[in-house]
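**Q** Below you'll find the structure I mean.
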Amino acid sequence: MTDSKFTFLEPGELIDDELELILVKKIAAQPQKKYFPMYDFEMQNIETREKMGYINLRIGYNEGIKYGGHIGYGVDEKFRGKRLASRSSTLLFPLAKRHGINPLWITCNPENTASRRTCENAGGKLVEIVDLPKDNDQYKRGERKKCLYRFDL
């Protein structure tokens, strides 16, 4: 878990061609739920300012990180196929590293081939596919396994 003196950092400019990550909010840790502090970003088209998706970065380590990962993302359907999730993830790597996150983990469901490709395109290495514990929130939603991708920053 992160310590109680956690300080959010200014992420700086996060741009890759037409993609820009806009910080929407900073979310404090929720120790009772074992949730880490989190940065929440919107993927935007730099010219049109249209929202293309979201990405967040969680700061910390505990047993649950191997099920939820440090980074979560979603790309709006009409923008899929442009590698926005992998590009956005790599834009966040320096911020994660400034927080001492190394290695960084991203997880996905084994049947989610698009997300698996995202992790591979961003330089992740598949370490293993694990069973979710029965007390995990994702298990309670019907998920059973997670692919664990490791990123050495």
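**Q** Name the one entry in 97, 5, 78 that is touching a residue at least 40 places away in the same chain (Cβ under 8 Å), out of contact with any Asp or Glu (no Cβ under 7 Å at 6 or more places or on another chain), of a type in the set (Lys, Arg) and more than 24 Å from residue 138 (Cα to Cα).
**A** Unique residue meeting the criteria: 97.
**Q** Conditions first: (1) within 18 Å of residue 41 (Cβ to Cβ); (2) out of contact with any Phe, Trp or Tyr (no Cβ under 6 Å at 6 or more places or on another chain); (3) surrounded by 14 or more Cβ atoms within 10 Å (Cβ to Cβ). Residue 97 passes all but one, so which condition is the exception?
**A** (3)
**Q** List the residue pairs whose Cβ atoms are under 6 Å apart, where the first residue sits in the range 136-153 and is in contact (Cβ under 8 Å) with a residue 12 or more places away in the chain and on the phi < 0 side of the Ramachandran plot, the second is buried (at least 17 other Cβ atoms within 10 Å of the Cβ) and part of a strand (DSSP E or B), and the two are 6 or more positions apart or on different chains.
**A** From the range 136-153, the pairs are 146/107; 147/108; 148/107; 149/106; 151/104; 153/104.
**Q** Let me ask something additional. In the range 44-69, which residue that is assigned to a strand (DSSP E or B) and not basic (Lys, Arg) is farthest from the chain's Cα centre (by Cα)?
**A** Among them, the one singled out is 45.
**Q** A further question on this structure: Restricting to the range 126-144, name every residue that is under 19 Å from the mean Cα position of the chain (by Cα) and part of a strand (DSSP E or B).
**A** Hits for the range 126-144 are 126, 127, 128, 129, 130.
**Q** Starting from the range 48-68, keep only residues that are closer than 15 Å to residue 103 by Cβ, then list their pairs with residues that are among the small types (Gly, Ala, Ser) whose Cβ atoms are within a distance under 8 Å, requiring at least 6 positions of separation or different chains.
**A** Between residues of the range 48-68 that are closer than 15 Å to residue 103 by Cβ and residues that are among the small types (Gly, Ala, Ser), the close pairs are 57/96; 58/68; 58/69; 58/72; 59/96; 60/29.
**Q** Go through the range 127-137 residue by residue and tally those that are hydrophobic (A, V, I, L, M, F, W, C) and out of contact with any Leu (no Cβ under 7 Å at 6 or more places or on another chain).
**A** Here the count works out to 2.
**Q** In the range 26-47, how many are among the basic types (Lys, Arg), free of Cβ contacts under 8 Å to residues at least 24 places away in the same chain and surrounded by 11 or more Cβ atoms within 10 Å (Cβ to Cβ)?
**A** The total comes to 1.
**Q** Okay, next question. Could you please let me know if residue 120 is among the acidic types (Asp, Glu), farther than 29 Å from residue 8 by Cβ and surrounded by 12 or more Cβ atoms within 10 Å (Cβ to Cβ)?
**A** Spelling it out, residue 120 is indeed among the acidic types (Asp, Glu), farther than 29 Å from residue 8 by Cβ and surrounded by 12 or more Cβ atoms within 10 Å (Cβ to Cβ).
**Q** Which one is nearest to residue 71 (Cα to Cα) among residues in the range 9-25 that are of a type in the set (D, E, K, R), touching a residue at least 24 places away in the same chain (Cβ under 8 Å) and in contact with a strand residue (DSSP E or B) (Cβ under 8 Å, 6 or more places away or on another chain)?
**A** In this case the residue turns out to be 20.
Taken together, the values in this text are just the output of simple stated rules run on the coordinates, not laboratory data. This is a predicted model, so every value here is computed, not measured. Note: ideal-geometry Cβ built from the backbone for every residue, glycine included; neighbour counts use all protein chains shown.
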